[in-house]
Amino acid sequence: MSDQLNGIFPVLPTPFDANGKIDRTSMSRLAKYAIDAKVSGVVFPGFASEVEHLSSDERTTLLTDVASEVGTKTKVIAGASAETFSEVVQNGHIALRLGINWIMVQPPLSLGDVSADITAFMSEISKQLPTAMIIFQNAPKPRGLNLTPQAILEIVESLPNVRYIKEETLPAGPAITEILSERPAHLYGVIGGGGARYIIDEYKRGASGAMPALELVEHHVSLDRAWQDGDVNTARTIYNKTLPLLTVQAVYRMRLTKYVLLRRGIIKTTFLRAPAPELDLIAKQSIDDQLSDLGLLTSWIENTT
């Protein structure tokens, strides 16, 4: 596999059973669903995985299941972010032992936005994980540090194993342009976030890929392939079709993702540990209408048998 990241890298949600326990069978099915869609890689755990609501043992168990299901079929990016230095290092070592070399880290909120403090933190992480290829996640407040492009560039200048920035502050587009125009040689590129709601703008500015949620993965992969082939009109057509559902996803977050995946027969429940608005009957009917428009109101199981 190439040592660079190009394409669609969906963040896998965490499936739970009706009692709120992790559902390992569904976790493996989610990974297989992504592989069947021909993604460039998968991400676990991330914010969309309800990572703050998983224990260390649960994170390890599920990441192990993902790595086992994926094998060499595609890349795995392991989220290692945590509140403390020792936890980040521990999460990184677990990933490396599983054969996962791509590690995504968002510096803890406790560091604030002082570049020198973040640089020192990430430098120590790099020393402890010297074989890891690191993706530096820059999320907007209140979940992230909301760093400026100049702060990002100042931080990564001295961190040679930071290979990508996941840029998802708002608006992300100008930040992507600035980072890419002044990036150090060791920084391969920038990957977009924001649920792929801004993916066309991000790609126009040179983003190498995106990390959306999972529920529209077939369409996001098709969009990416069309863009890479130079078929901008097809990419824009696909993008425009996905926007109605993505605007709903911006409000309901993981609740919508899990509802869609349940309707597709991939997971067994929509149980959430993280807080999110409930979907009432009218909201569900509206989502079903949009899934029908996208050709996704069919069981994934039926399509793979």
Could you list, in sequence order, the residues of the range 193-232 that are modelled with pLDDT of 95 or more, under 24 Å from Ser49 (Cα atoms) and in a loop (DSSP other than H, G, I, E, B)? Arg197, Tyr198, Ala207, Ser208, Met211, Pro212, Ala213, Leu214, Glu215, Leu216
Pair list, Cβ < 8 Å and 6+ apart or interchain, from the range 261-280 residues that are free of Cβ contacts under 8 Å to residues at least 12 places away in the same chain to residues that are part of a loop (DSSP other than H, G, I, E, B) and buried (at least 18 other Cβ atoms within 10 Å of the Cβ): Leu262/Thr270
Does Thr269 satisfy being surrounded by fewer than 20 Cβ atoms within 10 Å (Cβ to Cβ) and within 16 Å of Leu30 (Cα to Cα)? yes
Residue hits (the range 1-21; buried (at least 20 other Cβ atoms within 10 Å of the Cβ) and either over 16 Å from the mean Cα position of the chain (by Cα) or of a type in the set (Phe, Trp, Tyr) (or both)) are Phe9, Phe16
Unmet criterion (only one of (1) out of contact with any helix residue (DSSP H, G or I) (no Cβ under 8 Å at 6 or more places or on another chain); (2) under 21 Å from Glu87 (Cα atoms)) for Thr25: (2)
May I ask you to verify whether Leu256 is closer than 17 Å to Leu291 by Cα, surrounded by 18 or more Cβ atoms within 10 Å (Cβ to Cβ), at pLDDT 95 or above and out of contact with any strand residue (DSSP E or B) (no Cβ under 6 Å at 6 or more places or on another chain)? yes
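To keep it simple, each residue is scored yes or no on (1) within 19 Å of the chain's Cα centre (by Cα); (2) part of a loop (DSSP other than H, G, I, E, B); (3) under 29 Å from Gln249 (Cα atoms).
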| residue | (1), (2), (3) |
| --- | --- |
| His93 | no, no, no |
| Met104 | yes, no, yes |
| Glu124 | no, no, no |
| Lys127 | no, no, no |
| Thr131 | no, yes, no |
| Arg143 | yes, yes, yes |
| Asn146 | yes, yes, yes |
| Ile155 | no, no, no |
| Ile191 | yes, no, yes |
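The values are calculated or read from the model by the stated rules, or taken from the named source; none is laboratory data. Here the structure is a predicted model, which means the values were calculated and not measured. Don't worry about glycine lacking a Cβ; one is built from the backbone with ideal geometry, like all the others, and counts go over all protein chains shown.
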